[in-house]
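Novice: Submitted below is the structure of interest, expressed as structure tokens.
The values are calculated or read from the model by the stated rules, or taken from the named source; none is laboratory data. Nothing here was measured: the structure is a model prediction, and the numbers come from that model.
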Amino acid sequence: MKQYYILSLLLVCFMLFTPRTMAQNTRFPAYVAEKPIEGLSIYPNPVVGSKVYITSDKNQTKDVEVYNVLGKKVLVARISGKELDVSELTPGIYILKIKEGATQATRKLVVR
């Protein structure tokens, strides 16, 4: 009987003090660093009117998602130029998630 207690105690100690390299076998996806968009520029920020301009070096089509501070998606747009209409957004702070090809970036946007 003592052997089982000692064996289970050793097993618990082994599980508690082993390095976390075993965490790679979990179901959760690993963190993937975003590839930055070269030459990304968002202006004017803070936005006073109804338009915001998003430019980059490649000037490809961009998929833009806008989230409020609570994490709720409030606007989704695909822009081929550089103009994004934000007239339907109420004044506040928003997070822009911009994808251009295989690259992506996250930026803060203030609407007044």
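Novice: Filter segment 19-68 for residues that are of a type in the set (A, V, I, L, M, F, W, C), farther than 19 Å from L89 by Cα and at pLDDT 65 or above and give the result.
Specialist: Those that are of a type in the set (A, V, I, L, M, F, W, C), farther than 19 Å from L89 by Cα and at pLDDT 65 or above: A33, I37, L40.
Novice: Can you report the number of residues in segment 54-85 which are of a type in the set (V, I, T) and more than 20 Å from the chain's Cα centre (by Cα)?
Specialist: 0
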